[in-house]
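First the structure, in the form of structure tokens, and then the observations on it.
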Amino acid sequence: MSGESPFPADETLREFLRLRILPILAVDRGRVELAHSDEAAASVVLRYGAGCAGCPGLGVTHSSIVEPLLRREFPAVVVVDALIEGERVGAAS
């Protein structure tokens with residue numbers, strides 16, 4: 001065993017988003033869902049909608065709140081990208 005954290009299954013990511021992230025976004029009627037995950041690239045793409053659509057604070061929310069929480073819970077996730085209405089709004093490496 002190498003000690004590395006395994007990449008989370010999609011269902012595990014969805015559950016984390018539902019329990020930990022959605023309550024934060026719901027304050028402003030926002031929503032987030034898992035759009036795609038790629039274990040080989042160690043990346044996750046989140047799709048934001050509802051109150052997040054057009055919100056000028058989405059980039060800050062993604063990079064300062066959502067991404068750190070997700071990466072702390074799942075260290076195997078290296079890249080967390082964000083989509084809104086089909087457009088990429090943020091990325092980290």
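Quick note: the coordinates plus some simple rules give every number you see, no bench work behind them. These figures come from a predicted structure and were not determined experimentally. Quick reminder, even Gly has a Cβ in these numbers, built from the backbone with ideal geometry, and neighbours come from all protein chains shown.
Brief remarks on what is shown
- Here residue 43 clears all of (1) more than 20 Å from residue 64 (Cα to Cα); (2) without any contact (Cβ under 8 Å) to a residue 40 or more places away in the chain; (3) of a type in the set (Gly, Ala, Ser) except the condition numbered (1).
- Tabulated pairs, the range 67-85, first in contact (Cβ under 8 Å) with a residue 12 or more places away in the chain, second part of a helix (DSSP H, G or I) and of a type in the set (Lys, Arg), C-beta under 7 angstrom, 6+ apart or interchain: 69/20; 77/71; 80/71
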